[in-house]
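This report concerns only the one structure given below.
Read-outs throughout are calculated quantities, based only on the coordinates presented, and are distinct from any laboratory measurement. Treat the numbers as computed from the prediction; the structure is a model and nothing was measured.
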Amino acid sequence: MKQAMLGVFVATFAAAASLPHAFAHQGHHHTEPKKDSASESGHGHGEHTDHDQGQLHIEKEKQAAYARINEMYGAKVKPIFQKKCMDCHGGEPKFPWYHQIPGIKQLLDADVRESKEHIDLTGGFPFKSHATPEEDLDGFREIAEKGTMPPFRYRIIHWDTKLTDDDKKAILEWVTQAQKELKN
């Protein structure tokens, strides 16, 4: 009986693994790094202008907004992400027993590696990501509205990771507040 269950499990996982890989990340690429606002100013080292001073003030305001957003994140959204997202987008993943099966191990390791390249939720907001914090917030809105995460091939085995209506509501409220913070 146990051997038959393992066979069904492996067949189901193998079928899910054959789904297009971009399904998990909606085709987003990981090769374009975030733009560095300091390198875009066009000024060499040692040159300071009124524009630079204005940019410094804006940067300080943005950092203060990020701190407020991170505080809101920690209070309402981080517990959701810890439960439903961190195995792939966080610290050390807690791999299930089937991680030891050859082939599946390599697939899971590659998925986790790519997930962290896409966005790493470990350090709080703003997250380490290939996108800007503003783009990350837009992505979280899309995820909450469309239910695109966790990816289907993960959810078919980890049923309790699907975002609930309450999870989606909390994420959307946080995103809305965060976007307002960044516009001020």
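Tabulated values for the structure
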{"read-out": "Contact order relative to length of the stretch 73-154, as percent, for alpha carbon pairs under 8 angstrom and 6 or more apart", "value": "25 percent"}
{"read-out": "Scattering profile of the stretch 100-145 at q = 0.20, 0.21, 0.31, 0.32 Å⁻¹ [log10 I(q)/I(0), Debye over alpha-carbon scatterers]", "value": "-0.70, -0.74, -1.07, -1.10"}
{"read-out": "Values of log10 I(q)/I(0), in the order q = 0.18 Å⁻¹, for the stretch 55-183 under a Debye, Cα-only, solvent-free model", "value": "-0.99"}
{"read-out": "Karplus 3J(HN,Hα) series, Hz, for the stretch 94-106 with 6.51 cos²θ - 1.76 cosθ + 1.60 (x for Gly, Pro)", "value": "9, 6, x, 4, 6, 4, 7, 6, x, x, 5, 4, 5"}
